[in-house]
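The structure under discussion appears below in the form of structure tokens.
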Amino acid sequence: MTASNSHGPLTVLVSSRAVISQPDNSLTVSPATISISSVTGKIVSVTPEIVPQSSFPADTTYVDHSPKLLLPGLVDAHVHLNEPGRTEWEGFWTGTRAAASGGVTTVIDMPLNAIPPTTTVAGFKEKLAASEGQLWVDVGFYGGVIPGNADELKPLVEMGVRGFKGFLIESGVDEFPAISPKDMALAMETLKDSATTLMFHAEMEPCAGHTNGHTNGHTNGNTNGESNGLTNGHTNGQTNGHVTPSDVTAYQTFLDSRPPTFETTAVQEILSAAHIAPSLNLHIVHLSATQCIPLLKAARANGVKITAETCFHYLGLSAEEIEKGDTRHKCCPPIREGRNRDGLWEELVAEDSCIKTVVSDHSPCTPELKLLPKELWSATESAPAQKKDTAAGDFMAAWGGISSVGLGLPIIYSTAKQRSKTSKTPTITDIVRLCCQATAEQVGLSHRKGSIKVGMDADICVFDDAEVWTFSQGDMRWKNRCSPWEGHEFTGRVKETWLRGRKVFELDAQNGGFVGMKPVGESITEQRTA
């Protein structure tokens with residue numbers, strides 16, 4: 001077996017177990033020898049057996065990872081990198097390093113909470129400029145739908161955004177206001193013939209019929225950690241719109257303020273307008289409430305092109321486990337009860353599931369905005385001064401968002417393994433489909449990302465599915481080391497990450513595991529065609 005001159009010296013990755021694509025795009029676990037061009041960074045051959053090193057030219061880089069699993073690099077299609085503008089929350093450098101450390105080779109950046117948001121061509125250009133020289137993995141971008149920016153949507157498609165996101169409830173940051181049903185219909189009309197996906201944060205107060213006073217459970221974007229009143233950062237602990245006394249440090253208070261009807265109302269609103277753009281891909285981001293599932297499945301059965309994603313935290317955490325004041329768990333929609341979590345897992349393995357992808361929704365902020373009680377602060381960091389003593393542990397006032405980019409594979413693999421003792425759960429090939437193959441398809445990158453097959457970018461995750469380890473604050477590579485996953489035990493750990501044929505991360509290596517003097521990730525701005 002020799003390499004043609006056009007491929008240059010080969011890099012060959014080998015293992016007794018790899019998840020590779022078949023000609024029909026189905027997935028299988030097989031021994032594999034993956035040959036990669038050093039010139040193009042593409043996979044040039046996949047042989048479903050272990051080919052010995054002696055079969056290759058002397059200048060070949062040959063690495064046998066047996067018995068570890070070789071997987072496609074994950075495509076995390078929902079990440080908030082927050083640059084430019086809120087780089088104290090996260091940034092391209094730290095966010096993409098965190099991704100690389102967990103086998104994620106492509107992230108798709110959300111249009112908020114950067115300032116400016118990606119709602120205009122000018123804003124997108126500013127974001128691209130900010131990303132230069134900072135990307136440890138490849139990064140694609142979503143555009144945003146807000147009131148009044150319909151004329152920007154097609155130009156953003158032409159600039160290469162992978163899709164668009166709009167909120168049906170206030171986002172929590174002033175520069176990204178919620179859209180009304182009229183705005184939503186206009187976006188559908190504008191994009192109906194475009195190769196793109198129109199996505200929604202699907203929460204809406206029942207009977208609102210328009211954007212409403214509730215926000216996305218966040219502060220108002222001032223980074224001072226305070227919020228008060230329905231339009232300035234939190235709901236009120238009830239579902240009837242009237243303020244009543246409640247224990248804001250009890251998770252149940254927050255959970256009651258975001259009932260499943262918020263999600264089902266929004267989904268119904270979206271479905272009622274779907275006829276405007278019958279060919280447009282519609283998508284529900286971070287689906288939490290299982291009550292939405294029959295609505296989506298019925299619509300799909302009637303030909304509506306709509307899908308949903310759920311998140312690692314909805315699959316791995318439950319409301320009953322959340323301690324008083326532990327605001328690290330706050331996100332919107334909320335983490336719901338264990339029985340709801342069970343329903344999400346059941347849908348993942350259901351025939352023609354409406355949940356096609358699993359993503360992180362990495363949405364970090366500074367620890368000050370999380371309003372953590374002192375006992376949840378690490379001994380290596382000093383607790384911030386709260387604006388008032390009563391603010392610590394306030395679920396209603398804390399910023400809503402969970403940090404987890406790069407941790408998704410251990411979360412879903414470990415939880416599936418544990419649940420498999422009593423119920424049907426996704427296999428490793430299902431996990432690759434949900435987190436690699438289908439996420440690449442969702443953003444129009446299935447021609448180069450998300451699969452191990454000839455012609456694809458050589459994005460490879462080396463996964464030790466046997467290692468048992470405990471996630472600590474020192475393992476957090478995002479900017480603010482605050483996450484509800486701290487202290488959780490996982491089975492399965494990413495050992496190496498390869499991006500387009502280059503090793504970019506190796507666990508326990510020098511420089512924190514990051515390989516090379518500078519990052520080699522790229523911005524993905526090719527115009528979407530599917």
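The values are calculated or read from the model by the stated rules, or taken from the named source; none is laboratory data. This structure is a prediction, so every number in the text was calculated from the model and none was measured. In this analysis, Cβ positions are derived from the backbone assuming ideal geometry, glycine residues included, and neighbour counts consider all displayed protein chains. Heads up: the accessible areas ignore ligands, DNA and RNA and are worked out on the full protein's heavy atoms, side chains in. Shrake-Rupley method; radii C 1.70, N 1.55, O 1.52, S 1.80 Å.
Residues in region 171-178 carry Karplus couplings, in order, of 7, x, 10, 4, 7, 9, x, 5 Hz; the curve used is 6.51 cos²θ - 1.76 cosθ + 1.60 with θ = phi - 60°, and Gly or Pro positions show x.
Taking every protein chain into account, the accessible area of region 397-530 amounts to 38 square angstrom per residue (probe 1.4 Å).
Couplings 3J(HN,Hα) of region 354-365, computed from phi: 7, 8, 9, 9, 10, 9, 8, 6, 4, 9, x, 7 Hz, in residue order, whole Hz [Karplus 6.51 cos²θ - 1.76 cosθ + 1.60, θ = phi - 60°; x for Gly and Pro]. A simple rule links phi to the HN-Hα coupling: the Karplus curve 6.51 cos²θ - 1.76 cosθ + 1.60 with θ = phi - 60°, which for region 18-25 gives 8, 9, 10, 8, 8, x, 8, 6 Hz, with x for Gly and Pro.
Tell me which label goes with the value of Cα extents along the principal axes in Å computed from the coordinates here: (1) 112, 76, 63; (2) 74, 54, 48; (3) 122, 74, 50. Identified label for the calculated read-out: (2). Rounded to the nearest 10 degrees, the inclination of helix 292-301 to the longest alpha-carbon principal axis of the chain is 60 degrees.
Mean separation of Cα pairs under 8 Å and 6 or more residues apart, divided by the residue count, gives the chain a relative contact order of 20 percent. DSSP finds beta bridges in region 1-93, and of those with both partners inside it, around 70 percent are antiparallel. Looking at the chain alone, DSSP beta bridges between its own residues are antiparallel in about 50 percent of cases.
Summarising the amide proton neighbourhood of Val515: residues at separation of 5 or more, or on other chains, whose placed amide H is nearer than 5 Å comprise Phe505, Glu506. Of the accessible area of the chain, computed with a 1.4 Å probe over protein heavy atoms only, carbon and sulfur atoms account for 49 percent. Once backbone amide H atoms are built at 1.01 Å from N, Asp109 has Gly140, Phe141, Tyr142 as its partners under 5 Å, excluding neighbours fewer than 5 places away on the same chain.
The packing ranking, built from the mean of other Cβ atoms within 10 Å per residue, places the peptides 446-458, 346-358 in the order 446-458, 346-358, highest first. In the structure shown, the pairs Lys330/Lys374; Lys68/Lys424; Lys42/Lys125; Lys453/Lys503 are assessed against 21 Å; a Cα-Cα span above that value is assigned to Lys68/Lys424; Lys42/Lys125. For Gly400, the residues 5 or more places off, or on other chains, whose built amide H falls under 5 Å of its own are His218, Thr219. Anisotropy class assigned to region 423-530 is oblate, per the alpha carbon gyration tensor with a/c at or over the 1.5 cut-off and a/b no larger than b/c. Among rounded, prolate and oblate, which fits region 315-360 when a ≥ b ≥ c are the square roots of the eigenvalues of its C-alpha gyration tensor, a/c under 1.5 means rounded, and a/b larger than b/c means prolate? Taking the square roots of the gyration eigenvalues as a ≥ b ≥ c, region 315-360 is prolate.
Annotation for region 19-124: trypsin sites (Lys or Arg not before Pro) lying in DSSP loop with at most 10 further Cβ atoms inside 10 Å of their Cβ do not exist. Oblate is the label for region 18-69, because the ratio a/c of its alpha-carbon gyration tensor axes (a ≥ b ≥ c) is 1.5 or higher and a/b is not greater than b/c. Calculated mean residue ellipticity, 222 nm, the chain: -6000 deg cm²/dmol, from DSSP H runs (n ≥ 4) at -39500 (n - 2.57) each, averaged per residue and rounded to 500.
Seen against the Cα atoms of the chain and their longest principal axis, helix 338-348 is set at about 40 degrees.
The order of the peptides 422-428, 255-261, 299-305, 107-113 by mean Cβ neighbours within 10 Å, most packed first, is 107-113, 255-261, 422-428, 299-305.
When only Cα pairs below 8 angstrom with a gap of at least 6 residues are kept, region 367-501 shows a relative contact order of 24 percent.
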